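Remarks on the structure that follows.
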Amino acid sequence: MDAEHNGSTDEPGWEVDPEDEQGAAVVAAVGRQLRVWREAAGLRTAEFAARIGYGEDLVYKVESGKRIPRPEYLDKADEALQAGGRVSAMKRDMEQARYPKRVRDLAKMEAKAVEVGSYSVHTVHGLFQTEEHARALFEMRQPPYSRTEIQAFLAARMARKVVFDRDPAPSITLVQEEATLRRRIGGKMVWRRQLEHLAEVAEMRNIALQIMPLDVEIHAGMHGGIEILKFADGSAVGRSEGAFNGRPVSHARDLRILELRYGMIRAQALTPRESLSFIEHVLGET
């Protein structure tokens, strides 16, 4: 049974982060709107709670901006208030309010980018992770994340995948270190399903996935991962662990350095066709 039903409100991942002023403000605004809708319908808190099948305590927390309402909550509220979809339409804002601010900012930039270029060193790139693989990564973090943090980060990472649904789709290039394909994060079956997923996305026409083999003798990526996002207006932003103290840069002079490194990395890696064959070979070893 849903943890929020019968008055239980302790399910992790739906609390309001008091340090995230923007997210907290959005949740508070939605809470106020829900209270206005309820009062306009002439429903007391207890009556409304009974109609939607949630605890009265949860209704108080949602309306006071202390709890992020789940999508199911908003759908049931929409039906009970005969809102014609206007309450349900708040679901997207609430989903985004769950995500940590720094993840929201990244997701916003990825959602606007027409080109995404990335070199991933230690883990499979977040856009290409399966949910179970991503969960395993979050769960092994030290010092450990709380259950709430794991749920929030996991939801945010999966939500970034909306870039694959865009039309036209952005052009995505990714260079992935071979070691990330051989490290059995989450156990054999989780690891195998992650490899299968990589093989599937590698065949998408807007994606060029390349593998950097361990036996290369010249490697331009020894200073760390790189991420470059380019936008329709001609602007761009990039970041690398080994350049500019890891901070995002947008000046043409700085971007040129990242683009030079990334171009060399792509040239030194296996081609997309060779990379797909490599992934299939690793799968065959399992």
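When the range 198-228 is filtered for residues that are farther than 21 Å from VAL121 by Cβ and part of a loop (DSSP other than H, G, I, E, B), the ones remaining, listed by number, are GLU203, MET204, ARG205, ASN206.
Go through the residues of the range 229-246 one by one and say whether even a single one is part of a loop (DSSP other than H, G, I, E, B), surrounded by 13 or more Cβ atoms within 10 Å (Cβ to Cβ) and within 26 Å of the chain's Cα centre (by Cα).
So in the range 229-246, the residues part of a loop (DSSP other than H, G, I, E, B) come out as 232-235, 241-242.
From the residues that got through so far, the ones that are surrounded by 13 or more Cβ atoms within 10 Å (Cβ to Cβ) too are 241-242.
Next cut, within 26 Å of the chain's Cα centre (by Cα) only: 241-242.
Yes, the range 229-246 has at least one match.
Scanning the range 267-286 for residues that are open to solvent by 80 Å² or more (accessible area, probe 1.4 Å) and either in contact with a Ser or Thr (Cβ under 8 Å, 6 or more places away or on another chain) or outside any helix (DSSP H, G or I) (or both) yields a single hit, GLU285. Taking the range 70-89 as the range and being open to solvent by 50 Å² or more (accessible area, probe 1.4 Å) and over 17 Å from TRP14 (Cβ atoms) as the test, the residues that pass are GLU79, GLN82, GLY84, ARG86, ALA89.
Looking only at the range 247-256, filter to residues that are over 24 Å from the mean Cα position of the chain (by Cα) and either of a type in the set (Lys, Arg) or surrounded by 15 or more Cβ atoms within 10 Å (Cβ to Cβ) (or both); which one of those is farthest from SER118 (Cα to Cα)? Let's see the steps before the verdict.
Within the range 247-256, the subset over 24 Å from the mean Cα position of the chain (by Cα) is 251-256.
Then drop every residue that is not either of a type in the set (Lys, Arg) or surrounded by 15 or more Cβ atoms within 10 Å (Cβ to Cβ) (or both), which leaves 253-256.
On the way: ARG253: 19, ASP254: 16, LEU255: 13, ARG256: 15 Å.
Going through the qualifying residues, I end up with ARG253.
Restricting attention to the range 14-51, the residues that are over 21 Å from THR148 (Cα atoms), open to solvent by less than 60 Å² (accessible area, probe 1.4 Å), aliphatic (A, V, I, L, M) and in a helix (DSSP H, G or I) total 5. Entry remark, the range 157-190: residues being among the acidic types (Asp, Glu), without any contact (Cβ under 8 Å) to a residue 60 or more places away in the chain and open to solvent by less than 40 Å² (accessible area, probe 1.4 Å) number 1 in total.
When ARG67 is tested against the conditions (1) open to solvent by 20 Å² or more (accessible area, probe 1.4 Å); (2) within 27 Å of ILE150 (Cα to Cα); (3) modelled with pLDDT of 85 or more; (4) touching a Phe, Trp or Tyr at 6+ places or on another chain (Cβ under 8 Å), the lone failure is (1). Screening GLN176 against (1) more than 19 Å from the chain's Cα centre (by Cα); (2) part of a strand (DSSP E or B) leaves a single unmet condition, (1). For the range 240-255, check the following and say yes or no: at least one residue is of a type in the set (A, V, I, L, M) and touching a residue at least 24 places away in the same chain (Cβ under 8 Å). Yes; the residues of the range 240-255 include at least one that is of a type in the set (A, V, I, L, M) and touching a residue at least 24 places away in the same chain (Cβ under 8 Å). Taken as a whole, the range 126-135 holds at least one residue that is in contact with a His (Cβ under 9 Å, 6 or more places away or on another chain), assigned to a loop (DSSP other than H, G, I, E, B) and modelled with pLDDT of 95 or more.
From the list GLU259, GLU196, GLU200, the lone residue that is under 29 Å from ARG166 (Cβ atoms), within 22 Å of the chain's Cα centre (by Cα) and in contact (Cβ under 8 Å) with a residue 12 or more places away in the chain is GLU196. Here is the figure for the range 17-31: residues that are out of contact with any strand residue (DSSP E or B) (no Cβ under 9 Å at 6 or more places or on another chain) and either closer than 15 Å to LYS91 by Cα or of a type in the set (Gly, Ala, Ser) (or both) total 7. Being within 28 Å of ARG92 (Cα to Cα), touching a helix residue (DSSP H, G or I) at 6+ places or on another chain (Cβ under 6 Å) and of a type in the set (Asp, Glu) holds for only one residue in GLU132, GLU149, and it is GLU132.
Taken as a whole, the condition of being within 19 Å of the chain's Cα centre (by Cα), farther than 18 Å from GLU285 by Cα, among the small types (Gly, Ala, Ser) and loosely packed, with under 14 Cβ neighbours inside 10 Å applies to SER146.
Yes or no: the range 113-121 includes at least one residue that is among the hydrophobic types (A, V, I, L, M, F, W, C) and either in a loop (DSSP other than H, G, I, E, B) or out of contact with any Leu (no Cβ under 8 Å at 6 or more places or on another chain) (or both). Before you say what the answer is, go through the steps one by one.
First, the residues of the range 113-121 that are among the hydrophobic types (A, V, I, L, M, F, W, C): 113-114, 116, 121.
This time we only want the ones that are either in a loop (DSSP other than H, G, I, E, B) or out of contact with any Leu (no Cβ under 8 Å at 6 or more places or on another chain) (or both), so: 114, 121.
Yes, the range 113-121 contains a residue that is among the hydrophobic types (A, V, I, L, M, F, W, C) and either in a loop (DSSP other than H, G, I, E, B) or out of contact with any Leu (no Cβ under 8 Å at 6 or more places or on another chain) (or both).
The values are calculated or read from the model by the stated rules, or taken from the named source; none is laboratory data. Remember, predicted model here, so these are calculated numbers, not experimental data. Note that each Cβ is placed from the backbone with ideal geometry, even for glycine, and that neighbours are counted across all protein chains shown. Heavy atoms of the whole protein, side chains included, go into the accessibility calculation; ligands, DNA and RNA do not. Shrake-Rupley method; radii C 1.70, N 1.55, O 1.52, S 1.80 Å.
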